[in-house]
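For reference, the structure is listed below as structure tokens.
The values are calculated or read from the model by the stated rules, or taken from the named source; none is laboratory data. Just so it is clear, the model here is predicted, and its values are computed rather than measured. Reconstructed Cβ throughout: ideal geometry from the backbone, glycine too, with neighbour counts over all protein chains shown. Surface areas here come from the heavy atoms of the whole protein model, side chains and all, with no ligands, DNA or RNA. Shrake-Rupley method; radii C 1.70, N 1.55, O 1.52, S 1.80 Å.
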Amino acid sequence: MAWLNMHNITHRYLGMSPKTHEQWLNIMNASRYTSYECDIYNQGPLVELIENKMAQKLAKPKALFFNKGTVCQLAALKTICEKQDNPLIAIHPQSHIAIDEDLAYQHVTQLKAASLGAQGKPIVSADLDSLTHTPAVLVIEMPLRRAGFKLAEWHELKAIRQWCDANQVHLHMDGARIWESAPYYQLDVADISQLFDSVYVSLYKGIGGLSGALLAGDEALITDCGIWRNRLGSQMWSNFPALITGLEGIDKQLPKIKSWVLRAPALADCLSAIEGLEVDTPQTNGFLIRTTGDCAELNQRLDKQVKQTNISPCKPWSQENNSSKLYTEIQIGADHNKISDDELFDFFNQLINP
């Protein structure tokens, strides 16, 4: 898109910062992990290292590396459903699995989905009463990104865990942003992970790797998922760029994520003073802001301001479902300190009130 200027080194991103080929190569060339033997077909010391690191962080017996999160979760869901001889999964209608994967669970693995939860809200225990059939697996996305990075309260998660135990339902976490969610509960990621039977995590979001994902769970699940990893095309000849940058991110980026979350409330308070702008209360490092007007016109002004200021603070605006309001996401990422709250206030104030 025009507002992503990859070659302007002075350009500043509040959220995820795209990198040039040269920047990726510099990260890898400076890494101590380049001295390790190269992986082949998901085997090798780097694969073992990243799997062991993630299993330990998530307090699970074992973890399995995948080249992509979509494949990771498809493998997990299919394996669980096969074991229980039940093709039904329960997912939120705004979950990544429901919205962003072109119904891969249905077309690729022939699974069926029960929609669970209300628009704009995370799944809570009361939603379980709407299920007419017992699923093999219930998926909780933490946070629910499409609903505005929303999280269920801890007592709700524990109640969902109790229901899953009583009904022999596997509880799986879509934890692509689990590191950004943990501060809300004032718990370690390992404590949250222990509430779930399996956890998927992304290597390229908060961790900042080039690509990749991991699935953590018990020995039997992870071993069985290896078959579907191969069937779904994740048996790559080599994944060394993802492994090296992922390990670098675990070492260097992961410890910084809490600071991104801590900035979000202050920034939200700052932006809430802008006339004509509605600002959600953040639970993680991401939140939604809303306004009214013509979407195309607003995005034209956004594109113009991004080029003038060399600041990218948000995604393009979109029309909110069943509403006259427009919304966009605010995410705070690795380079957020390069943009002050005052600059962001001025940016959005000029955008909303030209």
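When you scan the range 280-291, do you find a residue that is open to solvent by 40 Å² or more (accessible area, probe 1.4 Å), touching a residue at least 12 places away in the same chain (Cβ under 8 Å), charged (D, E, K, R) and not in a loop (DSSP other than H, G, I, E, B), even just one?
No; the residues of the range 280-291 include none that is open to solvent by 40 Å² or more (accessible area, probe 1.4 Å), touching a residue at least 12 places away in the same chain (Cβ under 8 Å), charged (D, E, K, R) and not in a loop (DSSP other than H, G, I, E, B).
Could you check the range 158-196 and list, in sequence order, the residues that are over 15 Å from MET54 (Cβ atoms), surrounded by fewer than 20 Cβ atoms within 10 Å (Cβ to Cβ) and of a type in the set (D, E, K, R)?
The answer is LYS158, ARG161, ASP165, ASP191.
Out of curiosity, is LEU210 under 15 Å from the mean Cα position of the chain (by Cα), under 18 Å from GLY175 (Cβ atoms) and surrounded by fewer than 23 Cβ atoms within 10 Å (Cβ to Cβ)?
no
State whether one or more residues within the range 108-120 are modelled with pLDDT of 95 or more, part of a helix (DSSP H, G or I) and not small (Gly, Ala, Ser).
no
Restricting to the range 328-341, count the residues that are touching a residue at least 12 places away in the same chain (Cβ under 8 Å) and either open to solvent by 60 Å² or more (accessible area, probe 1.4 Å) or assigned to a helix (DSSP H, G or I) (or both).
3
Looking at (1) open to solvent by 40 Å² or more (accessible area, probe 1.4 Å); (2) touching a helix residue (DSSP H, G or I) at 6+ places or on another chain (Cβ under 7 Å), which is the one condition that is false for ASN353?
The one condition ASN353 does not meet is (2).
Can you find even one residue in the range 296-307 that is aliphatic (A, V, I, L, M), out of contact with any Ser or Thr (no Cβ under 9 Å at 6 or more places or on another chain), open to solvent by 40 Å² or more (accessible area, probe 1.4 Å) and without any contact (Cβ under 8 Å) to a residue 24 or more places away in the chain?
There is at least one residue in the range 296-307 that is aliphatic (A, V, I, L, M), out of contact with any Ser or Thr (no Cβ under 9 Å at 6 or more places or on another chain), open to solvent by 40 Å² or more (accessible area, probe 1.4 Å) and without any contact (Cβ under 8 Å) to a residue 24 or more places away in the chain.
Using the structure shown, decide if GLU275 is open to solvent by 20 Å² or more (accessible area, probe 1.4 Å), more than 27 Å from ALA152 (Cβ to Cβ), in contact (Cβ under 8 Å) with a residue 40 or more places away in the chain and not in a strand (DSSP E or B).
yes
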